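Single-structure report; data block below.
The values are calculated or read from the model by the stated rules, or taken from the named source; none is laboratory data. These figures come from a predicted structure and were not determined experimentally. When we count neighbours, we look across all protein chains shown, and the Cβ atoms used for this are built from the backbone with ideal geometry, even at glycine. Just so you know, the surface numbers come from the protein's heavy atoms only, side chains and all, with ligands and any DNA or RNA stripped out. Shrake-Rupley method; radii C 1.70, N 1.55, O 1.52, S 1.80 Å.
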Amino acid sequence: MNKLKKIVKRYLFFLLLLNVLLLIAEPRLGQEVASLSLDNLLEMLSIIPPIFLLLGLMDVWVPKETIMKFMGKDAGIKGGIFAFVLGSFSSGPLYASFPVAMVFLKKGVSLTNIFIFLGAWSTTKIPMMLFEITQLGSKFALIRFGLNLIAIIVLAVIMEKTTTK
């Protein structure tokens with residue numbers, strides 16, 4: 001925990017120093033950067049606590065055996081499909097998916113399924129697909145979806161093979 005505090009303090013100091021330097025060199029840009037930084041911080045603080053609350057409940061209420069059954073190493077293709085659907089139907093920014101992935105890892109979900117979940121969360125959101133269909137056409141949306149699906153699976157398998165504990 002002390003290491004984490006040290007890292008946070010270092011980056012916080014760096015960001016504050018950078019902002020002060022910007023305020024001195026370019027006051028208008030510095031004010032805009034400070035305003036955007038504060039907005040992003042407030043947004044993160046409004047999203048992260050509910051996610052941790054839900055993850056805590058999931059950690060306590062959902063037994064490890066249930067998670068292993070649906071997304072563990074022995075789940076096979078069913079686990080990959082479940083991870084993909086879960087990631088595609090999830091909402092929120094990508095940084096919200098990492099605590100979920102950490103709980104999955106703790107519960108014994110295979111790395112492939114975790115990588116599929118993260119890939120789906122980041123690229124195959126259902127609302128985004130609906131927007132693409134209406135704005136760019138169904139042909140574009142389906143080609144992009146298909147290519148993303150292939151890339152997510154291939155990269156997830158490669159990453160599991162090359163990742164160590």
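Counting only helices (runs of 4 or more DSSP H) wholly contained in segment 21-102, the ones carrying 3 or more residues that are β-branched (Val, Ile, Thr), open to solvent by less than 90 Å² (accessible area, probe 1.4 Å) and more than 30 Å from Gly146 (Cβ to Cβ) occupy 27-61. Taking each residue of segment 15-27 that is within 16 Å of Leu38 (Cβ to Cβ) and looking for partners that are open to solvent by 100 Å² or more (accessible area, probe 1.4 Å) with beta-carbon atoms closer than 8 Å, six or more apart or interchain, yields Leu23/Gln31. Scanning segment 129-151 for residues that are touching a helix residue (DSSP H, G or I) at 6+ places or on another chain (Cβ under 9 Å) and among the hydrophobic types (A, V, I, L, M, F, W, C) returns Met129, Leu130, Phe131, Ile133, Leu136, Phe140, Ala141, Leu142, Phe145, Leu149, Ala151. Per the listing Ser97, Ser110, the residue uniquely closer than 21 Å to Ile48 by Cβ and touching a residue at least 24 places away in the same chain (Cβ under 8 Å) is Ser97. Take Leu42 and decide whether it is under 22 Å from Pro93 (Cβ atoms) and of a type outside the set (Ser, Thr, Tyr). Yes; evaluated as a whole, the condition is true for this residue.
For segment 118-133, the set of residues classified as touching a Ser or Thr at 6+ places or on another chain (Cβ under 7 Å) and not polar (S, T, N, Q) consists of Leu118, Ala120, Trp121, Lys125, Ile126, listed by residue number.
Does segment 47-60 include one or more residues that are closer than 19 Å to Leu12 by Cα and in contact (Cβ under 8 Å) with a residue 40 or more places away in the chain? There is at least one residue in segment 47-60 that is closer than 19 Å to Leu12 by Cα and in contact (Cβ under 8 Å) with a residue 40 or more places away in the chain.
For segment 104-123, a residue qualifies if it is among the aliphatic types (A, V, I, L, M) and either closer than 12 Å to Ala75 by Cα or open to solvent by 20 Å² or more (accessible area, probe 1.4 Å) (or both), and the qualifying residues are Leu105, Val109, Leu111, Leu118.
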